[in-house]
Amino acid sequence: MIPLDIPRALRWSPADHALTILDQRHLPGEVVERELHSVDEVEAAIRTLAVRGAPAIGVAAALGLVAWVVREPAASRASILEATARLAQARPTAVNLPWAMARMRRVVEDSTAEGPLLRDQLAREAEAILAEDESMCAAIGRHGLPLIPDGARVLTHCNAGALATAGIGTALAPVYTAAAAGRRVEVIACETRPLLQGSRITAWELERAGIPVTLCTDGMAASLMGAGRVDLVIVGADRIAANGDVANKIGTYAHAVAARHHALPFYVAAPTSTVDVATPGGEAIVIEQRDPDEVRWLGERQLAPRGVAVHNPAFDVTPAALVTAIITDRGLVQSPFAFTA
Ligand code: MRU
């Protein structure tokens, strides 16, 4: 196995119940780590995308809840339950967040303990969520490995790498696993307007891991496919409906349409915690709408007339019919999809 230097989105210190995140708002220019202690801090970190990516926000919310409870010995059962409800709503689209908060809530509801005993039970559950995410990423890597032949050119969108999870990522897990096994693999990273997770985060993460990466703007992807410079597409997911419709970063749908036109496989990689069997189809998925200024401005730089109307959904829904297969921690799920509990 070839060792790769894969960065981590978050670190947990069980001895002092300390949650440290890599604040992704500063990438790629600066590597800034921050410790989160309160529910307010965790909620703000999730809302502002300091920590981001469906699995990572679920894990961060669970560990952040514990970090707060430990530092707030007077926290009542009611206030802990209230905190899980608040954190579950910090962002609406990724199902991993309410999924992780439901697990933490159940610990409180199923326990008669108070004080340090309840805190220990919550810590054990949050640490289990962390460990499970790490191993689900590794399993996605193993199941996705056969899809990455030597010399593969993989197009991806947004960041569904290590920095979106507690492990080696989802969409990038098969890439890392192939590279570690000695296969030559390169990635075409779409920059991902408007918040540029592809250029700021994926390109940084892959460079650091030593994987060849070429950046393109979102609008260039179809022509690269047409020119025969892409072998397959792998993206992550924020929520997968029971029928296989996939909510993921805005722009994903366009890549799926282009991939189908060029007869290229379009894979979605996601842990089972991202599959929402309670949502029958994509039309029922709530899509986060974000601040119009994310499109009008790039930092201090004005990109559009101040008051121009802006459409800024954070995600889109790719119909299941355009998805070749879903790479999960339990194996490859082929179309047609029908997920059940
Ligand atoms: O708004 P973000 O950066 O949290 O969006 C992230 C994505 O869309 C990812 O592709 C998705 O969460 C999967 S991460 C493994």
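Residues in the stretch 156-176 that are β-branched (Val, Ile, Thr) and crowded, with 24+ Cβ neighbours inside 10 Å: Thr156, Thr165, Thr170, Val175.
Among the residues making up the stretch 63-75, those that are of a type in the set (Gly, Ala, Ser), closer than 20 Å to Glu114 by Cβ and either at pLDDT 95 or above or crowded, with 18+ Cβ neighbours inside 10 Å (or both) are Ala67, Ala75.
The sole residue among Ile234, Ile188 that is more than 16 Å from the chain's Cα centre (by Cα), closer than 30 Å to Glu283 by Cα and not small (Gly, Ala, Ser) is Ile188.
Check whether at least one residue in the stretch 2-21 is crowded, with 24+ Cβ neighbours inside 10 Å, touching a residue at least 12 places away in the same chain (Cβ under 8 Å), in contact with a helix residue (DSSP H, G or I) (Cβ under 6 Å, 6 or more places away or on another chain) and in a helix (DSSP H, G or I), and report yes or no. Within the stretch 2-21, not a single residue is crowded, with 24+ Cβ neighbours inside 10 Å, touching a residue at least 12 places away in the same chain (Cβ under 8 Å), in contact with a helix residue (DSSP H, G or I) (Cβ under 6 Å, 6 or more places away or on another chain) and in a helix (DSSP H, G or I). Here Glu288 meets the list (1) in contact (Cβ under 8 Å) with a residue 24 or more places away in the chain; (2) acidic (Asp, Glu); (3) exposed (fewer than 14 other Cβ atoms within 10 Å of the Cβ) almost entirely, failing just condition (3).
Listed here are the residues, each with its yes/no results for (1) assigned to a loop (DSSP other than H, G, I, E, B); (2) within 17 Å of Leu172 (Cβ to Cβ); (3) within 12 Å of the ligand (Cβ to nearest atom).
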site: Ile201; (1), (2), (3): no, yes, yes
site: Trp204; (1), (2), (3): no, yes, no
site: Ala222; (1), (2), (3): no, no, no
site: Val230; (1), (2), (3): yes, yes, no
site: Asn243; (1), (2), (3): yes, no, no
site: Ala256; (1), (2), (3): no, no, no
site: Leu264; (1), (2), (3): yes, no, no
site: Val268; (1), (2), (3): no, yes, yes
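Quick one: would you say Glu82 is in a helix (DSSP H, G or I), surrounded by fewer than 24 Cβ atoms within 10 Å (Cβ to Cβ), charged (D, E, K, R) and more than 16 Å from the ligand (Cβ to nearest atom)? For Glu82, the condition - in a helix (DSSP H, G or I), surrounded by fewer than 24 Cβ atoms within 10 Å (Cβ to Cβ), charged (D, E, K, R) and more than 16 Å from the ligand (Cβ to nearest atom) - is met. Among residues that are touching a His at 6+ places or on another chain (Cβ under 8 Å) and not aromatic (Phe, Trp, Tyr), Ala123 is included. Taking helices (runs of 4 or more DSSP H) as the structural unit, those lying wholly within the stretch 90-186 and holding at least 2 residues that are assigned by TED's automatic domain parsing to the domain that holds Pro14 correspond to 96-110, 115-144.
The values are calculated or read from the model by the stated rules, or taken from the named source; none is laboratory data. Keep in mind that what you see is a predicted model, and the values were worked out from it rather than measured. Backbone-built Cβ (ideal geometry, glycine too); neighbour counts: all protein chains shown.
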